[in-house]
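Q: Sending over a structure as structure tokens; questions will come in a sec.
The values are calculated or read from the model by the stated rules, or taken from the named source; none is laboratory data. Computed from a prediction, not measured in an experiment: that's the story for all the values here. Heads up, the Cβs are rebuilt from the backbone with ideal geometry, glycines too, and the neighbour counts pull from every protein chain shown. Surface areas here come from the heavy atoms of the whole protein model, side chains and all, with no ligands, DNA or RNA. Shrake-Rupley method; radii C 1.70, N 1.55, O 1.52, S 1.80 Å.
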Amino acid sequence: MLAEKDFITSHHNTIESAIFEWSAPSNIALVKYWGKKEHQIPANPSISFTLNNCKTITKLEVVKKSENNSFSFDLLFEGKSKEDFKPKIQKFFERIEKYCPFLKEYHFKIDTQNTFPHSSGIASSASGMAALAMNIMSLEKAINPTITDEYFYSKASFLARLGSGSACRSIKGEVVVWGNHAEINESSDLFGVEFSEVHQNFKNYQDTILLVDKGEKQVSSTVGHDLMHNHPYAERRFAQAHDNLSQIKRILTAGNVAEFIKLVESEALTLHAMMMTSMPYFILMKPNTLEIINKIWKFRNETQNPVCFTLDAGANVHVLYPENVKETVLQFIQSELVGYCQNGQYICDEIGTGAKSN
């Protein structure tokens, strides 16, 4: 089992210049993590579907500098300079310098773009930090070719976590566990691990994301996590997450879609219940979020189609369903749910396999 000290790089060569490009997907948690400890350690374990189409594509141009006394980088977002992103990258570099001491030796040009709206409740920080971490690991591999693939991906997940906690679940696919859990082999608070015992019923699972509100959230996830520190229900919630992870492990292995629906919807509502009962309290759901949830319940009861919802820390609704009911569910979405989406927009996604080199 890899420990923190194993990720500290000491000896390396040097290169003059290089260009790398990686795409990394977003992910949607089934059992949510909400609340974290120091150094981006989760207060409870979580498990997620890795997505396929919602991703960040990041190109990293690397040039050796003559001086190495500070971090040096330019940042382009969708082709334009993005100054307000730079403090987050600066903070990320500061956090990971201990593990990547070569960072100050190079000037970086980071050119990044999303295939989905930024800061809309789809985890853009997860895909963004995962893509950047993969590029940094490509640089490490270039200056230290002896590192193994297993180490490469584990350290990429470890680094991504230090940028955005859930980013560590965007490195691999299809299902990823992050956080130490007694029943999950090799599980760690430091990085995500693939959960491979997935029944055929959950292969090619679909996720249609209904964009209820594409604006910036009024409360960031970072602030929300911090509000769990003195939350009256925090300890019970953390225990519940451990129990639910044990349950979903059995559900995913056995292929029990009915039990999957109950647990996943309960987890989504519990996440938002934690927000509504913190101090200060807040609500990220919108009226249309609730309209969609009620429509899904009605449709499922009337048709017995195994469709369910989950939510992230935002107003958008992730509609989850098996591939074999795709046509029926998409007709339902188009006829009954699109009207609740901002500008009628939604994104059709599905389970993916993680980050890819372009």
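Q: Given 0.36 nm per residue, what is the gain on full extension from residue 197 to residue 279 after removing their alpha carbon distance, in nm?
A: 25.6 nm
Q: Averaged per residue, what accessible area in Å² does region 315-358 show with a 1.4 Å probe, protein chains only?
A: Averaged over the residues of region 315-358, the accessible area is 47 Å².
Q: From the cross-link list 32/109; 36/155; 262/326; 37/155; 36/59, which pairs have alpha carbons spaced over 25 Å apart?
A: As for pairs spanning more than 25 Å Cα to Cα, those are 32/109; 36/59.
Q: So for the chain, averaging the separation of alpha carbon pairs under 8 Å that are six or more residues apart and normalising by length, what relative contact order in percent results?
A: Across the chain, relative contact order equals 24 percent.
Q: Related question: What part of the accessible area of region 38-159, given as a whole %, is carbon or sulfur when the probe is 1.4 angstrom?
A: The computed percentage sits at 46.
Q: Oh, and also: Determine the order of 211, 76 by accessible area, beginning with the largest, at a probe radius of 1.4 Å.
A: Result of the area sort, largest leading: 76, 211.
Q: Based on the Cβ-Cβ distance from residue 74 to residue 6, what FRET efficiency comes out when R0 is 35 Å, to the nearest 0.05?
A: 0.65
Q: Here are several values of mean projected area of the Cα convex hull in nm²: (i) 22.5; (ii) 17.5; (iii) 16.3. Which one was derived from the coordinates shown?
A: Computed from the coordinates, mean projected area of the Cα convex hull in nm² corresponds to (ii).
Q: PRE reach from residue 348 (point 7 Å along Cα→Cβ): which of region 190-217 fall under 16 Å by backbone N?
A: Within reach of a label on residue 348, which here means backbone N under 16 Å from a point 7 Å along Cα→Cβ, region 190-217 contributes 204-211.
Q: Which of rounded, prolate, oblate describes region 204-283, given a ≥ b ≥ c as roots of the alpha-carbon gyration tensor eigenvalues and a/c under 1.5 marking rounded, otherwise prolate only if a/b is larger than b/c?
A: oblate
Q: Sticking with this structure for a sec: Tell me the angle of helix 257-276 to the major Cα principal axis of the chain, expressed in degrees between 0 and 90 and rounded to the nearest ten.
A: Approximately 70 degrees, to the nearest ten.
Q: How far, in degrees from 0 to 90, does helix 124-143 lean away from the longest principal axis of the Cα atoms of the chain, to the nearest 10?
A: 30 degrees
Q: Under a plain spin-label model, where a point goes 7 Å from the Cα along Cα-to-Cβ, how far apart in nm are residue 53 and residue 357?
A: 2.8 nm
Q: Something else: Within 15 Å, Cβ to Cβ, of residue 342, how many net charges do the neighbouring residues add up to if Lys/Arg are +1 and Asp/Glu are -1?
A: For residues surrounding residue 342, the net value is 0.
Q: Can you give the angle from 0 to 90° between the axis of helix 287-303 and the longest principal axis of the chain, with both taken from C-alpha atoms, to the nearest 10?
A: Rounded to the nearest ten degrees, it is 60.
Q: Just add up the charged neighbours of residue 137: K/R +1, D/E -1, any other residue whose Cβ is under 11 Å from the Cβ of residue 137.
A: Overall, the nearby charge balance is 0.
Q: Now for a different question. Can you give me the distance in nm between label points at residue 63 and residue 142, each placed 7 Å from the Cα along the Cα-to-Cβ direction?
A: Simple spin-label model gives 1.3 nm for this pair.
Q: Hey, what's region 1-152 come to in accessible area per residue, 1.4 Å probe, Å²?
A: That works out to 42 Å² per residue.
Q: Starting from region 252-353, pick out the chymotrypsin sites (Phe, Trp or Tyr not before Pro) whose DSSP state is loop and whose Cβ has at most 15 other Cβ atoms within 10 Å.
A: Those that pass, being in a loop and sparsely packed, are 281, 282.
Q: Counting Lys and Arg as +1 and Asp and Glu as -1, each charge on the Cβ, what is the dipole of the chain about the Cα centre in debye, to the nearest 20?
A: 380 debye
Q: Return one quarter of the surface area of the convex hull spanned by the alpha-carbon atoms of region 48-166, equal to its mean projected area, in nm².
A: Result: 7.7 nm².
Q: A follow-up question, please. If R0 is 41 Å, what FRET efficiency do you get for residue 298 and residue 230 from their C-beta distance, rounded to 0.05?
A: 0.60
Q: Convex hull over the Cα atoms of region 137-220, averaged projected area in nm²?
A: 8.3 nm²
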